[in-house]
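S.K.: Pasting a structure below so you can have a look.
The values are calculated or read from the model by the stated rules, or taken from the named source; none is laboratory data. Quantities reported herein were computed from a predicted structural model and do not represent experimental measurements. In this analysis, Cβ positions are derived from the backbone assuming ideal geometry, glycine residues included, and neighbour counts consider all displayed protein chains. Side chains are part of the model used for accessible areas, which takes the heavy atoms of the whole protein and leaves out ligands, DNA and RNA. Shrake-Rupley method; radii C 1.70, N 1.55, O 1.52, S 1.80 Å.
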Amino acid sequence: MNDFKDSVKKVMIIFLFFFVALISYIAYFQTFKAPDIAADAGNKRLWAKRNEVVRGTIYDRDKNALTKSERTGTLTQSREYVYGDLYVHALGYASQKYDLSGLEKTFDTELTTYSSVQVGLRNFFKDLSFESLKEAFKDRSKEENKVGNGVITTLDYDIQKAAYDALGNRKGAVVALDPNTGEVLAMVSKPTYNPNDLETVMNKINAGEDLGSPLINRATSGKYPPGSTFKVITTASALENIDGITKRIFEDKGKIELGGGQSLSNNQNKVYGNINLQKAFQVSSNVVFGTLAQELGNKTLKQTAEDFGFNKDIPSTGFSISKSEFPTLESYEVGMIAQSGIGQSSIVSTPIQMALVASTIANDGVMMEPRLVNQVVDLNMNVVKKYGDKKYGQVLPTSDARTIKDYMVNMVKNNFGNRSYFSGINAAGKTGTADQRDNNGNLQKPHAWFIGFAPADNPKIAVAVIVENGGYGSEAAAPVAGAVMKAALK
């Protein structure tokens, strides 16, 4: 009898164990997994819920429609991108089959939220009039054809088109910011694709056709060695940490020996002789900036890079930014330390990161958080939500920023004085020619960079341009930047 009781007891314990485990799993699933599954863009129920509302319109900064949506069935609708591929990497796409991307993803909730009645009631209470009450409740007649809120972006058509056209068919990216506010005025990445024909693009990619990775937004996610554009950051670090650096005379013999058979040479082995920091910036002396990196040391230069946002997640509105990277190096890695001063080593940066560097110098050392959205509005263009300017921080002292601004003005004046694309706009800038290797370690044609802003005395636009395998920044990237600046300042 006791054996029978013991057996029953053991069975009951086992059942109790499995019962507790089942309850625990259900609780865990409901708490942690169910919300993720419900929010999954591929969830058919979620898309059915989305399609109850006609997707809201995305606008440029002047309230010109960039998208259109039309109901095609009870719970289906079509989405049109008015300018085809012009804005595709900023806006992304909304597809029940292929998910969401870009602004369509980050502002999906706002674009599928119907707010007209609530806003109408708010206006009624504000105005306290009978007519307002009538208008508020009149909106209920639209319930059968609900339209989501609209999103007014910061994008400027003229600047976006100029960037798109100037980059042409080359791989690369262009980012233009308002340095005073952080607003993204243009965001172009190429190769591009037509979001109105997403099915064809996806089929080609799935078939293994080499389209040049058009789905990647190179402006925010592409990571490249910044080359000599990074010398802006090296200069900032030297101004902050090396006393009397602006008055110092460097002896540039065309090469510095780093030991162990390593050396660092100027482009085309040029020798600049005795030069100060401003001249070194103008001619982009690898000797001087490699020397500065060695004097500063990895820890100090890394700290300055991180002040500018490297190795950090930079806050933004309407999009996300891949983290730019600056390495931690040991003191014996002399060659890598010297290379880091000229934007090589293992440094990689996104184009928007370098646009923020230029923007920070333009804005007297203050970096603004970048944003792609100014307002969310309802069907009747009533403002539902505003997004204001936010400071990321005072990255460097105002006096140092103004010194670098002078260096950048001098660089453009002396290197591009007779170039039409910079004429009449008082531009400031820095070129970059970034060496890079393929997967087998073979040296490839360098990437071409340019970062800058204009007009220097009252900056309205800051720009970063990269042309993949474009060669010299002065030849491939600078003309693109000039065209974008001129479009903004016309």
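S.K.: If we count every other residue with Cβ under 12 angstrom of residue 155's Cβ, Lys/Arg +1 and Asp/Glu -1, where does the sum land?
M.R.: Result for the local shell: -2.
S.K.: About the Cα centre, and with charges only on the beta carbon of Lys, Arg (+1) and Asp, Glu (-1), how big is the dipole of segment 320-432? Nearest 20 debye, please. Mind showing how you got there, number by number?
M.R.: Values: 11 positive and 9 negative charges, 87 e Å.
For segment 320-432, the charge dipole is close to 420 debye.
S.K.: Taking the alpha-carbon set of segment 337-379, what are its Rg and Dmax in Å?
M.R.: Reported Rg and Dmax, both Å: 15.8, 57.
S.K.: Got a number for the accessible area of residue 66? Probe 1.4 Å, square angstrom, nearest 10.
M.R.: 0 Å²
S.K.: Quick check on the chain: of the DSSP beta bridges with both residues there, what percent are antiparallel, nearest 5%?
M.R.: Around 90 percent of the beta bridges assigned by DSSP in the chain are antiparallel ones.
S.K.: At 0.36 nm per residue, and after removing the present C-alpha to C-alpha distance, how many nm does the segment from residue 211 to residue 44 gain when stretched out fully?
M.R.: Full-extension gain reported as 57.1 nm.
S.K.: I need the helices of the chain that pass two filters: whole DSSP H segments spanning 27 Å or more by Cα along the axis, and mean Kyte-Doolittle score no lower than 0.5. Each step should come with its number before you reach the end.
M.R.: Numbers: long enough: 2-28 (38 Å, 1.16).
Helices meeting the span and hydropathy rule in the chain are 2-28.
S.K.: Looking at this model, which pairs from 247/302; 390/460; 190/391 are more than 21 angstrom apart at the alpha-carbon?
M.R.: In this structure, 247/302; 190/391 exceed 21 Å between Cα atoms.
S.K.: Turning to a different aspect of this structure: Considering only protein heavy atoms, what per residue accessible area in square angstrom results for the chain with a 1.4 angstrom probe?
M.R.: I get 47 Å² per residue for this part.
S.K.: Need one number: nm distance between label points at residue 63 and residue 333, each 7 Å from Cα along Cα→Cβ, rounded to one decimal.
M.R.: For the pair residue 63/residue 333, the computed spacing is 5.3 nm.
S.K.: So, one more: What number, in nm² with one decimal, is the all-direction average of the projected area of the convex hull of the alpha-carbon atoms of segment 272-395?
M.R.: So the mean shadow area of the Cα hull is 9.3 nm².
S.K.: Suppose accessible area is computed on protein heavy atoms with a 1.4 Å probe; arrange 181, 234, 398 from highest to lowest. Walk me through the numbers on the way to the answer.
M.R.: Working: 181 20, 234 0, 398 50 Å².
Largest to smallest exposure gives the sequence 398, 181, 234.
S.K.: Hey, another quick one. Suppose a student asked you for the relative contact order of segment 298-356, using Cα pairs under 8 Å spaced at least 6 residues apart; what percent would you report?
M.R.: Over segment 298-356, the number comes to 35 percent.
S.K.: With all protein chains present, how much of the accessible area of the chain (probe radius 1.4 Å) comes from carbon and sulfur, to the nearest whole percent? It would help to have the intermediate numbers written out before the result.
M.R.: Details: 11450 of 23100 Å².
Taking all protein chains in place, the chain shows 50 percent carbon and sulfur surface.
S.K.: As a test of the formula, what do you get for the chain when each DSSP H run with n ≥ 4 contributes -39,500 (n - 2.57) and the sum is divided by the residue count, at 222 nm and rounded to the nearest 500 deg cm²/dmol?
M.R.: Numbers: 19 runs with 192 residues, N = 490.
Mean residue ellipticity at 222 nm (helix-derived): -11500 deg cm²/dmol.
S.K.: Set the Förster distance to 56 Å, then compute FRET efficiency between residue 158 and residue 263 from the Cβ-Cβ distance, nearest 0.05.
M.R.: For R0 = 56 Å, the calculated efficiency reads 0.75.
S.K.: A further question follows. Between residue 76 and residue 385, take the C-beta separation as r, use R0 = 25 Å, and let me know the FRET efficiency to the nearest 0.05.
M.R.: Once rounded, the FRET efficiency stands at 0.35.
S.K.: Whole-Å semi-axes of segment 339-433's equivalent ellipsoid, largest first, each the root of 5 times a Cα gyration tensor eigenvalue?
M.R.: 32, 19, 15
S.K.: Now, a different point. Suppose R0 equals 25 Å. What FRET efficiency, 1/(1 + (r/R0)^6) with r the Cβ-Cβ distance, do residue 346 and residue 406 give to the nearest 0.05?
M.R.: 0.20
S.K.: Based on Cα positions only, what radius of gyration and what Dmax would you give for segment 187-291, in angstroms?
M.R.: Over segment 187-291's Cα set, Rg and Dmax evaluate to 21.5, 61 Å.
S.K.: Relative contact order for the chain using alpha-carbon pairs under 8 Å, separation at least 6, rounded to a whole percent?
M.R.: Dividing the mean separation by the residue count of the chain yields 16 percent.
S.K.: Working out 0.36 nm times the residue gap between residue 276 and residue 444, then minus their Cα-Cα distance, what length gain in nm do you get to one decimal?
M.R.: This chain segment gains 57.3 nm when fully extended.
S.K.: With 28 Å as the cut-off, how large is the P(r) tail for the chain, expressed as percent of Cα-Cα pairs?
M.R.: Numbers: 70384 of 119805 pairs.
Pairs farther apart than 28 Å: 59 percent.
S.K.: Can you check what the Kirkwood hydrodynamic radius comes to for segment 279-339, Cα pairs only, in Å to one decimal?
M.R.: After inverting the mean inverse Cα-Cα distance, the result is 13.1 Å.
S.K.: Quick one: order 69, 285 from most to least accessible surface, probe 1.4 Å.
M.R.: Result of the area sort, largest leading: 69, 285.
S.K.: Suppose every K and R has +1 on its Cβ and every D and E has -1 on its Cβ; what is the size of the dipole of the chain about the Cα centre, in Debye to the nearest 20?
M.R.: In total the dipole reaches around 360 debye.
S.K.: Can you give the charge dipole size of segment 368-490 about its Cα centre, rounded to the nearest 20 debye, using +1 on the beta carbon of Lys and Arg and -1 on the beta carbon of Asp and Glu?
M.R.: 320 debye
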